[in-house]
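Note sheet for the following structure.
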Amino acid sequence: MENKLRTIRSKKAAMEMSVGTIVTIVLLVTVLVLGLVLIRSIFTSGVRSVNQIDDKVRSAIDDLFIKDESVKIAFSPSDRKVKIEQGAVSEGFAFSVRNIEKESRKFRYTIAVDSNFDIRKQCNININEAESWLVINSGSFELDRNSKPANPELVLFNIPENAPSCTLPYVVRVTSDGEFYIEGKVFVTILQK
């Protein structure tokens, strides 16, 4: 009789353990699915935000070209003032060039610290250090007559944590078929964290 009672208890315990295991597995799978849905929605909204920013930049630059047909270069932000925190990665500004000539042309641009700026006195660094913060400091593109690129050129900076808090003027210089075409200055302010 006691043996029979033990067998019944062990079967009952095994059944309770099986039900507990199944409930635990169901809960874990539910949490996993919810986690995956959350991650997917975060990435989707991140991509959407980047596209909206890109569309806003494109729109702002297009507006500048539309307002004045003689404009050869346009920047975003249009006030040419960029603020970047110490330690920031891949932040900066955008620009676009319009070919106002009557034929297709090859364009090349370079970006450098304004050579008239006394960087040692103002920021206590040298030009090479400030220019090393640029992700890419030059590029090229070809434009048909009276046109502009479909996408603006992005000028990105990787600012070190120990960068001085100051404002640096960077010059975007554009040449067309080897001759000067246009240049514009952008003021990049490094902010303390």
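The values are calculated or read from the model by the stated rules, or taken from the named source; none is laboratory data. Quick caveat, the model's predicted, so the values are computed rather than measured. Cβ coordinates were reconstructed from backbone atoms using ideal geometry, including for glycine residues, and neighbour counts include every protein chain displayed.
A few comments on the model shown:
- Search result, residues across the range 148-169 that are surrounded by 15 or more Cβ atoms within 10 Å (Cβ to Cβ), of a type outside the set (D, E, K, R) and touching a Lys or Arg at 6+ places or on another chain (Cβ under 8 Å): Pro152, Pro169
Here is a yes/no grid of residues against (1) in contact with a strand residue (DSSP E or B) (Cβ under 9 Å, 6 or more places away or on another chain); (2) over 25 Å from Glu69 (Cα atoms):
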position	(1), (2)
Val97	yes, no
Lys102	no, no
Arg120	no, yes
Glu131	yes, yes
Ile136	yes, yes
Leu143	yes, no
Asn151	yes, no
Leu156	yes, yes
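- Test: residue in the range 83-97 that is at pLDDT 90 or above, within 27 Å of the chain's Cα centre (by Cα) and either polar (S, T, N, Q) or assigned by TED's automatic domain parsing to the domain that holds Ile61 (or both): yes
- Every condition in (1) crowded, with 17+ Cβ neighbours inside 10 Å; (2) without any contact (Cβ under 8 Å) to a residue 12 or more places away in the chain holds for Asp118 except the one numbered (1).
Residue by residue, here is whether (1) at pLDDT 95 or above; (2) over 12 Å from Arg98 (Cα atoms) holds:
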position: Asn146; (1), (2): no, no
position: Pro149; (1), (2): no, no
position: Leu154; (1), (2): no, yes
position: Ala163; (1), (2): no, yes
position: Pro169; (1), (2): yes, yes
position: Arg173; (1), (2): yes, yes
position: Asp177; (1), (2): no, yes
position: Ile182; (1), (2): no, no
position: Ile190; (1), (2): no, yes
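- Number of the exception - Ser115 against (1) over 22 Å from Val89 (Cβ atoms); (2) at pLDDT 95 or above: (2)
- Meets criteria (aromatic (Phe, Trp, Tyr), in contact with a Phe, Trp or Tyr (Cβ under 6 Å, 6 or more places away or on another chain) and modelled with pLDDT of 90 or more) for Phe107: yes
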